[in-house]
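Enquirer: Can you keep this structure in mind? I'll have questions shortly.
The values are calculated or read from the model by the stated rules, or taken from the named source; none is laboratory data. Just so we're clear, the structure is a prediction, and the values are computed from it rather than from any experiment. Every residue, glycine as well, gets a Cβ built from its backbone with ideal geometry; the counts of neighbours run over all protein chains shown. The area values use the complete protein model at the heavy-atom level, side chains included, leaving out ligands, DNA and RNA. Shrake-Rupley method; radii C 1.70, N 1.55, O 1.52, S 1.80 Å.
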Amino acid sequence: MMTETQQLQAVDQYLQENAPVLYLLVGPDGRLLGGNAYSCNLLGRDIHGLTVDDVFLTFGGPLDIATYRDHPEQVQMLSLTTGAGLPETLLCHFKAVDDNTLILGTLDAYEMRRLRREMVVLNNQMSGLTRELQKKNHQLAELNQLKNQFLGMAAHDLRKPVSAILNYSEFLLDEASGCLGPEHLGFLRTIHASTDLMRHLIDDFLDIALIESGRFPLNLGKVDILRPVRRSMALQHIIALKRKIDLRLIHSGDDFTLPMDEYKIEQVLNNLISNAIEHSPQDSQVTVRISGTDTEVLVTVTDAGPGIPEGEREKVFAPYARGEARKAAGTRSTGLGLAISKKIIEAHKGRIWAENLPGLGQGASFCFLLPQNLEEEGDSV
């Protein structure tokens, strides 16, 4: 059987070590003389040397310990600074112990219940919003799939008549241009140029529809990247010649054979080189540079245009993006080429980016990296 002294000692030990209550002893000068483990953990710091004004948040001046200890029957609601950074509101009792003051603080049970009720309400609201968001996301995914199906079908159905118009307009330009006056010849050239733009737009729409539907197969094989580079440059040569732009290829002569879908990489090159020509002024130069290491091959297409405005380097790869950089007069595009190029390079486990040359308005470079090692089997984005 424990004596009264032993019982008091057990109670004091419990208060010091285990009790979930604030237990602080304050000296006459307002400095903390000691506290239990719960108080130290709640404050998150060593309490020795601190004052009551250091640990309690007061907005009407210093904490008046003397007044509180003279009325021990009153309970004060005070906010305590904590190591978590958020204040903790406690119901505090003040008791005189000789010249010192003992502060006992407990959590406000009513406040805790109120907060728990509010938390339950907020959780229910959050659950409802989450369910609604999931429902909307599901509906959006279905609508996006329908959009892709419609876009693919429409583009596929339009390709044949547009190709017929393009072929017949090319035939008339080649065979009948000598029989037409300047005005009618201009009409025919406008028809041909507009139809050619429409064909590229349809091809881009088909690619975007395939990409967004998740069906974008790669036919991988070991190919020297110089082969699609030279084909693309030959294709763009006539356009560059008309605009008096010098197309130049620079490489070290090393073997740049790596796994790739040759024709999709050529599509990327066509997009980048034609884009460089469109943004370059007459009597300038577009350079295609190839370099490599044991692990990757770098292709850089550099133009002499105005460069890419700050903040648009990532936007240029977004579908239908229209940057502020001015193109050369008479050039148009669908706004999908760079977005498709990005998807193709990423499907090859590579990386594509854009950067300006040093100096304001000195041109821009579009670069892509392809890995030397990639599984030679059908893949898709």
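Enquirer: Suppose we keep only residues that are of a type in the set (Asp, Glu) and under 22 Å from Gln16 (Cα atoms) within the range 78-113. Which one would you say is farthest from the chain's Cα centre (by Cα)? Full working, then the answer.
Expert: Taking the range 78-113 as the starting set, the residues that turn out to be of a type in the set (Asp, Glu) are 88, 98-99, 108, 111.
Retained after the next criterion (residues that are under 22 Å from Gln16 (Cα atoms)): 88, 98-99, 108.
Numbers: Glu88: 37, Asp98: 64, Asp99: 62, Asp108: 44 Å.
Among residues in the range 78-113 that are of a type in the set (Asp, Glu) and under 22 Å from Gln16 (Cα atoms), the one farthest from the chain's Cα centre (by Cα) is Asp98.
Enquirer: Scan Leu63, Leu57 and give me the residue that is modelled with pLDDT under 85 and touching a Pro at 6+ places or on another chain (Cβ under 9 Å).
Expert: Numbers: Leu63 fails: touching a Pro at 6+ places or on another chain (Cβ under 9 Å).
Exactly one residue qualifies, and that residue is Leu57.
Enquirer: Are any residues in the range 56-77 more than 44 Å from the chain's Cα centre (by Cα) and under 25 Å from Cys40 (Cβ atoms), and if so, which ones?
Expert: Here is the first cut: in the range 56-77, the residues more than 44 Å from the chain's Cα centre (by Cα) are 60-77.
Those that are more than 44 Å from the chain's Cα centre (by Cα) and under 25 Å from Cys40 (Cβ atoms): Pro62, Leu63, Asp64, Ile65, Tyr68, Arg69, Pro72, Val75, Gln76, Met77.
Enquirer: Scan the range 41-55 for residues that are assigned to a helix (DSSP H, G or I), more than 45 Å from the chain's Cα centre (by Cα) and aliphatic (A, V, I, L, M) and report the count. Step through it out loud before you land on a result.
Expert: Of the range 41-55, the ones assigned to a helix (DSSP H, G or I) are 41-43, 52-55.
Add one more test, that the residue is more than 45 Å from the chain's Cα centre (by Cα), and what stays is 52-53.
The next check asks that each one be aliphatic (A, V, I, L, M); those that pass are 52.
Selection size over the range 41-55: 1.
Enquirer: In the range 342-363, which residues are on the phi > 0 side of the Ramachandran plot and at pLDDT 90 or above? If you could, list the steps in order and put the result at the bottom.
Expert: To start, the set of residues in the range 342-363 that are on the phi > 0 side of the Ramachandran plot comprises 349, 359, 361, 363.
Across the range 342-363, the qualifying residue is only Lys349.
Enquirer: Output the residues belonging to the range 10-27 that are over 13 Å from Phe94 (Cα atoms) and open to solvent by 50 Å² or more (accessible area, probe 1.4 Å).
Expert: Val11, Asp12, Gln13, Tyr14, Gln16, Glu17, Asn18, Pro20
Enquirer: Turning to a different aspect of this structure: Within the range 51-58, is even one residue touching a Lys or Arg at 6+ places or on another chain (Cβ under 6 Å), closer than 19 Å to Gly27 by Cα and surrounded by 15 or more Cβ atoms within 10 Å (Cβ to Cβ)?
Expert: Yes: one or more hits.
Enquirer: Please give the strands (runs of 3 or more DSSP E) falling wholly within the range 66-160 in which 3 or more residues are of a type outside the set (Phe, Trp, Tyr) and without any contact (Cβ under 8 Å) to a residue 24 or more places away in the chain. Steps first, please.
Expert: On the way: elements: 76-80, 88-97, 100-107.
The qualifying strands (runs of 3 or more DSSP E) are 88-97.
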